[in-house]
1. Summing +1 for each Lys or Arg and -1 for each Asp or Glu, what net charge is found among the other residues whose Cβ lies under 13 Å from the Cβ of residue 84?
2. For the stretch 89-132, taking Cα atoms only, what is the radius of gyration to one decimal and the Dmax to the nearest whole Å?
3. Hey, any idea what % of the stretch 201-495's accessible area is carbon plus sulfur with a 1.4 Å probe?
4. Hey, can you rank 246-259, 295-308, 475-488 by average C-beta count inside 10 Å, highest first?
5. Give me the percent of DSSP beta bridges within the stretch 201-495 that run antiparallel, rounded to the nearest 5.
6. Using only the Cα atoms of the stretch 201-495, construct the convex hull and provide its projected area averaged over every direction, in square nanometres to one decimal.
7. Suppose R0 equals 56 Å. What FRET efficiency, 1/(1 + (r/R0)^6) with r the Cβ-Cβ distance, do residue 110 and residue 452 give to the nearest 0.05?
8. May I ask what percent, to the nearest 5, of DSSP beta bridges between residues of the stretch 224-337 are antiparallel?
Amino acid sequence: SGAGPARRGPRPPAGGGDGLSRAAMAVMGVLLVVSTTLAVWLADPTGALRPDTSSPGSTDDSQSAGSTSGSVTPTGETTEVTVRVEGMAFTPSSIEVPAGNQLIITFENTGDQYHDLVLATGAETGSIAPGAAATLDAGVIGADTQGWCSLPGHRQMGMTLEIRAVGGSGSPSSMTGTDATQSGDHAHDGTSSASAQVPSATQLLEQARTSDPHPAELPAAQDSTEHHHTFRVTEQQDTLAPGVTHTVWTYNGSTPGPVLRGKVGDTFHITLVNDGSMGHSIDFHAGDVAPDEPMRTIAPGQSLEYTFTAKRSGVWMYHCSTAPMSMHIVNGMYGAVIIEPDDLAPADREYVLVQGEQYLGAEGDVADATRIAGLVPDIMTFNGRAFQYDAHPLPARVGEKVRVWVLDAGPNQPLAFHVVGAQFDTVWSEGHASVSGGTSTDGVTRGETGAQVLPLLPAQGGFVEFTAHEPGRYAFVNHAMSLAEKGAHGFFEVTQ
Ligand SMILES: [Cu+2]
């Protein structure tokens, strides 16, 4: 579809190939639409919390495929309208067309990233670059209908277009008929009614066993105070569990992206290259810069230079800041910059753990924007994959000082970082040590003390230190236990 770049990864084979007939799949599609709509309604019966167009009273799922002309008599007249983009909305966002007129929409993408315009009738512009335009023939308009941007998450952010047929055959509520195939086609814009089946913990663990773990060792410090890195944005397929894949967006092919390490005063020179199919960007919390230029969204094939000097120590998040950020972060575009505090003592082991969240869209597709907005992740990850350090435990020895740098990349859930069987003698978070070397730093508590949790909200980071006194398997978890059970879990394997 469309002349623009593909916005999704390879599609799974049509029909699923699992023995279900196409008709059965269609029926399931209808049921899923109905149940999803009901669930949305139950969660938010007034529809006041968000502009989601899939809530009751909207038109898209009750709209038949094809023209809206129905029984209207074509007038032979044409209505021409120009629709532009302002922020994450169409302007105008509502069009009135005399019933029976043919509607021609000139779509000018005046936004800062790729957009498209898809109508419930099935007409679509294809993906349009910023600054480019396309003409869409919406056909003869006989009833109210709707359009939207189908790039992931854009519709949920409000990129919808109401088309009203003035003097037409009636409001959407009087229309009947649901075309399951049409609804299925609409599912790829992040309003998915057919999320992939969520793998069980056993299936996730099985996948972790057969995959190389993401390295958790903190990269060695470098002597230079000037750091040069190239971040290439990719869009690729990843396997979550046997038979379950999804599309991920990355910096340099992995989630999280590269761990950067430096000291206060170091300067980082980042070249961001967009090898993806849509607009992307980057925002480094480790620097303070005017965001306008370095954090701007760049089109596929473009690059930009982003330079910042680290003035403050911390475990700083970076992430794609292209709207909707929740979608770009969930799809994998995040990572950590570690700027060491000045007086940091050496440790025997240093690990980095970045927590992430996954919300499954349709099989093979990007995340589901509606599920992201619901805040309940399907899968939790440390360093991009659920349970990978259960399958590949992180080694340590009895008596060693182990330092763990931790970042909660979110976008939605907190992290109560805890190591089962251990006590933290040092907890440092967001510029402040609450416990240091087994002593409270608040000036009130006397004597030996410690901590059981490093608490982090989304985008917060810190580190803990502990020493294991006996060999064993020490689990590390998000002590929000339901999140641990979804994958925010791993082991330190402590030997003599
Ligand atoms: Cu992005």
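1. -3
2. 11.6, 35
3. 50
4. Averaged packing, sorted descending, gives the order 246-259, 475-488, 295-308.
5. 70
6. Answer in nm², one decimal: 15.2.
7. 0.60
8. Approximately 70 percent, going by the DSSP bridge assignments.
The values are calculated or read from the model by the stated rules, or taken from the named source; none is laboratory data. Worth saying up front: this structure is predicted, and the values here are computed from it rather than measured. Heads up, the Cβs are rebuilt from the backbone with ideal geometry, glycines too, and the neighbour counts pull from every protein chain shown. Ligands, DNA and RNA are excluded from the accessible area calculation, which covers all protein heavy atoms including side chains. Shrake-Rupley method; radii C 1.70, N 1.55, O 1.52, S 1.80 Å.
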